[in-house]
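Nothing in this text is a laboratory measurement; each read-out follows from the coordinates by a stated rule. Because the structure is a prediction, the values reported are computed rather than measured. Don't worry about glycine lacking a Cβ; one is built from the backbone with ideal geometry, like all the others, and counts go over all protein chains shown.
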Amino acid sequence: MQDSYREIFLSESQEYLDNMNGCLVKLEENPRDLNSLNEIFRCTHTMKGMSATMGYDKIAQISHQMEDLLDELRGQKKFVTSHIIDILFAGVDLLEKLLQEVRLNQESKTDISACMEALKNLLREEIPPEPSAAKGIETGKSPLSALGEVKFTETELLKFKKAKENGFNVFNIQVTLSENCPMKEARAFLVITNLKRRGEILAALPSLVALKEGKFDRSFLIILAVKEKSEILRQELMGVSEVDNVQVSPAEIKPQASSIPEPAHPQETAPEPSAAATPSGGTGSAGAQTEQPSSYLKKIQSIRIPVQRLDKIMNFMGELAISKIRLVQVVQSLKIQELEEISFTLDHLTSALQNEIMQTRLLPVAYILDNFTRVVRDLARRKNKEIDLEIIGSEIELDRVVLDEIGDPLIHLLRNSIDHGLEAPEERKSKGKNPKGKISIQVTRQKGHISIEVADDGRGVDFAAVGRKAVEKGLIPEQEASNLDVKRVLEILTMPGFSTAKEITDTSGRGVGLDVVKVKIESLGGRLDFETKIGLGTKFLLTLPLTLAIIKAMLVKVRQEILAVPLMNIRETIKVRPEEIKMVQHFEVINVRDEVIPVIRMEKELGISSNDEQDTGGPHEAVSLVIIEYEKKALALLVNQIIGEQDIVVKPLPSFVKKTKGIAGATILGNGRVALILDIMSLKN
């Protein structure tokens, strides 16, 4: 059981740390961003509680010190500075390190004393608050005297009693709005909404109806049953605009009668249900059966599933898909109507199941991109550069396996842009550019593929400098250096060991970078391209498959080989007479509805040969063409036979055939035969 709690702790803590990183970047850009500050406080507070419960003392200590500092910032006893942001970032980094020790089941050897001391020093510093921003938070024993006494109904007294029995805290909360507060009813509504999220409102003075109509002076009283402590409630309410003062004290309400009878009938105008945990649930009398169940008995809307279990399910789904295909083929050969009906239903259900399982593997690209704001911020400061990062399309979903693999390549590209691409602020000024450089990451979705573009507005790639460096390293002959095109420059940039950096730093100069990016992207069945203009910037384009699992494909025959063409890339299939294929500038083409399309003979392209002439057909017999489309470019693949559509399970190629031109993977057919999957991207090029 401890292991399952540990996994939940690790998963949730990582989410909190990622969230804190993003919010700290926002807070650094806008020190008055109260939403980001509150979110960081919430994450830190939750991590402190979880780690203390699990016995991870160092995480709890750091979280506690960070929470104290954040609390001072929220209460405006201190104000956000770059130094405070740096210390908070250091705290997050230390929490990441401690979390990794927990993940690896290692005894913690990380020294937290320096970070603890830095946080304590910040807390000891006396910083006078800004008069315009100061808001008082007072505490008192009982605010009832200021507003009079609350008259409780029997039902409200019953709720109060049950709340106490169930271990809830019951507080008197007196809220005072600022003088001349505009739209008092709107401010009261915000306070009520915040409190309903925390617990259950037992009573109010004036009534909730009067508060919503604005029928009160400056102060009002709420009696709330809640699990949280009074300090958290005060902090929450002081964050509401125009709230001038909050007093929270324990509610000690003694009913006049010695016993509280059960109500015979449900209250006609029951209090509004809380959106958070409510304490008044439980077994009631027969007369109360029409009441709604307590809102704290929420239905479970989502569950956490280990990735390994999802992978197992996906593997089983792949085997099921292969068995389904084989069954369909056998049933079709038997031609028994009842079996065909069952087979059709099974095929439909299996496809639906397959689609749902595929959806569970998809995650938004934001899962990794959201962390890049911190990466860019740290690298920019290290290089003394000013950089804006723009992320577009982070909501697009991608297969988890692909997503896991592209994080490092993208960080390599970001480092490349920051280190080599973007100029220093002074240099940018001298060129008439904005001193602050810009990096953009744009994600777009195409048919069956996803494109990730990493662009900067820096100095661009100097082809001559690349050529000189390549000659110096013996990578190309000297005569080639003066005649490089974009394609050849990319080949040189992605050669192992190549670097244009003049000195080795902690981020570049070792020749490890773009070659790693290319190898990783191609191992995923993707492609790396780039564009550049001197003085304007550089753009790298990663093209990746949406999924690596199960796809729909068209099976075709080339000689005796069966090939699979991804259906998402097929525009149409046609039959033409051989004489309709014409020769234009040494290339074969076909005219399809006034569109000239290049023709690729697949047996020649893939080097498939056979002594068996039975598949070639006569010289005047019609041939089959599969018209594929990729990035708005069309190609016609000449094949011997079109077999039909089929779901296929994508299997990776072994290492010794991974670089075979035109082949992206393999699949096992229903009869046990292996079919190769065409790589549409390499054919297009």
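Could you give the length gained on full extension between Arg326 and Asp33, defined as 0.36 nm per residue of separation minus the Cα-Cα distance, in nm? Please list the in-between numbers first.
On the way: separation 293, 0.36 × 293 = 105.48 nm, distance 5.98 nm.
My answer for the length gained is 99.5 nm.
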**Asked** Which of the residue pairs Lys164/Lys215; Lys520/Lys651; Lys604/Lys661; Lys518/Lys539; Lys438/Lys533 have a Cα-Cα distance greater than 21 Å in the structure shown?
**Response** Lys164/Lys215
**Item:** Gyration tensor (alpha-carbon) shape descriptor, the range 377-545, a/c threshold 1.5
**Value:** oblate
**Request:** Go ahead and run the numbers for FRET between Asp347 and Phe316, Cβ-Cβ distance against an R0 of 22 Å, rounding to 0.05.
**Result:** 0.80
**Message:** Using each residue's phi in the range 357-366, evaluate 6.51 cos²θ - 1.76 cosθ + 1.60 at θ = phi - 60° and report the 3J(HN,Hα) Karplus result to the nearest Hz, with x for Gly and Pro.
**Reply:** 5, 4, 5, 5, 7, 8, 9, x, 4, 4
**Message:** How far apart, in nanometres, would the label points at Lys533 and Arg593 be if each is projected 7 angstrom from Cα along the Cα-to-Cβ direction?
**Reply:** 3.5
**Message:** Please compute the modelled spin-label separation between Asp93 and Lys164, points set 7 Å along Cα→Cβ, answer in nm with one decimal.
**Reply:** 5.3
**Prompt:** From the phi of every residue in the range 112-121, what ³J(HN,Hα) in whole Hz does the Karplus formula 6.51 cos²θ - 1.76 cosθ + 1.60 yield, where θ is phi - 60° and glycine or proline is x?
**Reply:** 9, 5, 5, 5, 4, 5, 5, 5, 5, 4
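Ratio of the range 2-131's C-alpha Rg to 2.2 N^0.38 Å, to two decimals? Intermediate results must be reported in sequence, preceding the final value.
Values: Rg = 14.6 Å, N = 130, 2.2 N^0.38 = 14.0 Å.
Against the empirical 2.2 N^0.38 Å value, I get 1.04 for the range 2-131.
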**Complete:** Given backbone amide H placed at 1.01 Å from N, residues whose amide H is under 5 Å from that of Ile663, ignoring those fewer than 5 places away on the same chain, are Asp679
**Complete:** For the pair Val516 and Glu242, the simple spin-label estimate (label points 7 Å beyond Cα toward Cβ) gives in nm 5.5
**Message:** If amide hydrogens are placed 1.01 Å from N in the peptide plane, which non-local residues have theirs closer than 5 Å to the one on Val650?
**Reply:** Ile550, Ile551
**Asked** How large is ³J(HN,Hα), in whole Hz, for each residue of the range 396-403 in order, when computed from phi with the Karplus curve 6.51 cos²θ - 1.76 cosθ + 1.60 and θ = phi - 60°, using x for Gly and Pro?
**Response** 5, 9, 9, 4, 4, 4, 5, 4
**Asked** Working out 0.36 nm times the residue gap between Arg6 and Asp86, then minus their Cα-Cα distance, what length gain in nm do you get to one decimal?
**Response** 25.9 nm
**Prompt:** Given Ser451, Ile492, Gly537, which one lies farthest toward the positive end of the charge dipole of the range 377-545, if we put +1 on the Cβ of every Lys and Arg and -1 on the Cβ of every Asp and Glu?
**Reply:** Gly537
**Message:** Going by Cα centres, the range 459-493 and the range 535-570 are how many Å apart?
**Reply:** 30
**For the range 540-602: Kirkwood Rh in Å [reciprocal of mean 1/r, alpha carbons]** = 14.6
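Once the Cβ-Cβ distance between Ser333 and Gln100 is put in as r, and R0 is 56 Å, what FRET efficiency do you end up with, to the nearest 0.05?
It comes out at approximately 0.50.
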**Request:** Identify, among Ser343, Asn315, Ser333, the residue whose Cα sits farthest towards the positive end of the charge dipole of the range 307-361, taking +1 on the Cβ of Lys and Arg and -1 on the Cβ of Asp and Glu, with the dipole about the Cα centre.
**Result:** Asn315
**Request:** Write down, largest first, the equivalent ellipsoid semi-axes of the range 367-452 in whole Å, where each equals the square root of 5 times an eigenvalue of the alpha-carbon gyration tensor.
**Result:** 28, 14, 10
**Complete:** With the label point 7 Å along the Cα-to-beta-carbon line of Thr360 and a cut-off under 13 Å to each amide N, the hits in the range 308-330 are 308-318
**Fill in**
Between Val486 and Arg382, Cβ-based FRET efficiency (R0 25 Å, step 0.05) works out to 0.25
**Request:** Give the span of the range 144-254's Cα atoms along each principal axis, as three whole-Å numbers ordered largest to smallest.
**Result:** 41, 26, 23
**Item:** Gain on full stretching of the segment that runs from Lys227 to Glu213 - 0.36 nm per residue minus C-alpha separation
**Value:** 2.1 nm
**Complete:** Any residue on another chain or 5+ positions along whose placed amide H is under 5 Å from the amide H of Phe530 is listed here as Leu541
**Prompt:** the range 378-396 to the range 24-100: how many Å between their Cα centroids?
**Reply:** 22
**Relative pair counts by distance (%), Cα atoms of the range 307-361, 10 Å bins** = 24, 45, 23, 9, 0
